[in-house]
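Student: I have a structure I would like to understand better, so I am pasting it below and will then ask my questions one at a time.
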Amino acid sequence: MTEKRRVRLGTVSRDVTPLGGGAFEIDGTRWTATADGAGAWRLRADGKAGGRAFVAGPPESPWIFFNGHVYHVEVAAAEAPARPRRDAAGELSAPMPATVRAVMVSVGDHVTVGQPLVILEAMKMELPLRAPVEGTVQSVRCEPGDLVQPGTPLVEVA
């Protein structure tokens, strides 16, 4: 099965289908890439010269410089809206790098679905993390001022 990938430039995204042998398809156009030095590739679109591209970064998420633009390639399946990760039914995790601004509950508190538990700040915006289930707070693993990374468990409710 061919794995589609997503190429994104700002708000513009395109699905890319690898075809093998250095060939791939974008929006119905067949491209081929031929190595042209370390990190450099000659591109052809539907058999016509397309230009030279420079690639850097890990294979699963490379950066590409082509025609004066920088593109970031990500696996399409990895695309997801930023939202609190729930590793278990009642566990909330940080959705992005952020600073904890407020913790609004303590261990033993009863909470209802949708009740704000933690306020994060990221990119000058406040993000309330709300209770995914009704229950009792089992653990609080953060405090105001903590810098947290995506996936960091913050509060568990059971």
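Student: Once the Cβ-Cβ distance between Lys124 and Lys48 is put in as r, and R0 is 41 Å, what FRET efficiency do you end up with, to the nearest 0.05?
Tutor: Efficiency, rounded to the nearest 0.05: 0.35.
Student: Can you tell me which of 18-27, 131-140 comes out highest on packing, and rank the rest after it, using the mean Cβ neighbours within 10 Å?
Tutor: By packing density, highest mean first, the sequence is 131-140, 18-27.
Read the figures in this text as sums done on the coordinates, not as results from a lab. Owing to the predicted nature of the structure, the values given are computational and were not obtained by experimental measurement. Cβ atoms come from the backbone with ideal geometry, glycine included; neighbour counts cover every protein chain shown.
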